[in-house]
1. From the residues in segment 132-176 that are outside any loop (DSSP other than H, G, I, E, B), of a type in the set (S, T, N, Q) and open to solvent by less than 90 Å² (accessible area, probe 1.4 Å), which one is modelled with the highest pLDDT?
2. Could you tell me which of the residues GLY143, GLY97, GLY133 is farther than 30 Å from HIS63 by Cβ and either in contact with a helix residue (DSSP H, G or I) (Cβ under 7 Å, 6 or more places away or on another chain) or small (Gly, Ala, Ser) (or both)?
3. So which residues in segment 51-72 are assigned to a helix (DSSP H, G or I) and either in contact with a Leu (Cβ under 7 Å, 6 or more places away or on another chain) or over 27 Å from TRP136 (Cβ atoms) (or both), if there are any at all?
4. Kindly indicate whether HIS110 is in contact with an Asp or Glu (Cβ under 6 Å, 6 or more places away or on another chain), assigned to a helix (DSSP H, G or I) and open to solvent by less than 90 Å² (accessible area, probe 1.4 Å).
5. Take the residues in segment 1-41 that are open to solvent by 90 Å² or more (accessible area, probe 1.4 Å) and closer than 30 Å to ILE55 by Cα, then tell me which one is farthest from the chain's Cα centre (by Cα).
6. If you take the residues of segment 27-84 that are free of Cβ contacts under 8 Å to residues at least 24 places away in the same chain and of a type in the set (Gly, Ala, Ser), which of them is nearest to ALA116 (Cα to Cα)?
7. Any residue in segment 139-166 that's of a type in the set (A, V, I, L, M, F, W, C): show its pairings with residues that are in a loop (DSSP other than H, G, I, E, B) and open to solvent by less than 100 Å² (accessible area, probe 1.4 Å) at Cβ separation under 9 Å, as long as the two are six or more apart or on different chains.
8. If you go through segment 96-116 one residue at a time, do you hit one that is in contact with a Cys (Cβ under 9 Å, 6 or more places away or on another chain), touching a residue at least 40 places away in the same chain (Cβ under 8 Å) and not basic (Lys, Arg)?
Amino acid sequence: MSLILWLPSWAGAFNSAMTLLQNKQKLKTDYIMLFFFSAILYYCLATFEGPLLAIRWFNMIAHNSEWVIGHVHSGALGWVGMSGIAVFYYFIPKLWGKDKLWSPRLLKWHFWLAHAGVALYAIALWVAGIGEGVMWLAQGDNGELQYSFVEAMNFKAPWLFLRFFWRSAICSRLILDGLEPLQYGAHAAYSSGE
């Protein structure tokens, strides 16, 4: 029954996407719209993944794994984060009475840095979680577990490395470094006399 939750979620996402796609030329060049569009895509992904846990076999694989953490972070950082950043970029010039951003190039860099950071973080957790769940449920002919806990952890180790160390060093840096153009652009817009 929870799979029916896809209908209202995706209907809203479809409506938002079609609204943005009305002006395809602007969507190709306006990175504020791309932030909103990527937020819609992450919303679709997050609302697709949530009801999947209502499917018993998928719940058995994913529920107590890293997949859930990847699901939550793709929604929080991808959907909420990207739409929040787009709102900031839209309102910053308006707050100071300007008609455009100080540097569209910085906006472009921010988009790609933030998007890469969120995607790498979520993908690492999804792969680790599904692999972990499948290994925990794999059984031999007489019902014994095929993989020990150590083998499951060895499978997860490179993905957990990405999550803890690479996330801290690279993915978080990508997301946070992406905010620096936002801060710099806001400061430049505020301090410039144009």
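1. The extreme case among them is SER172.
2. GLY97
3. Once the filter is applied, which keeps residues that are assigned to a helix (DSSP H, G or I) and either in contact with a Leu (Cβ under 7 Å, 6 or more places away or on another chain) or over 27 Å from TRP136 (Cβ atoms) (or both), segment 51-72 yields PRO51, PHE58, ASN59, MET60, ILE61, ALA62, GLU66, TRP67, ILE69, GLY70.
4. no
5. In this case the residue turns out to be MET1.
6. ALA76
7. LEU145/ALA138; PHE155/TYR147
8. yes
The values are calculated or read from the model by the stated rules, or taken from the named source; none is laboratory data. All figures in this text were calculated on a predicted structure; none of them were measured in a lab. With ideal geometry, Cβ positions are generated from the backbone for all residues, glycine too; neighbour counts draw on all protein chains shown. Only protein heavy atoms, including side chains, enter the accessible area calculation; ligands, DNA and RNA are left aside. Shrake-Rupley method; radii C 1.70, N 1.55, O 1.52, S 1.80 Å.
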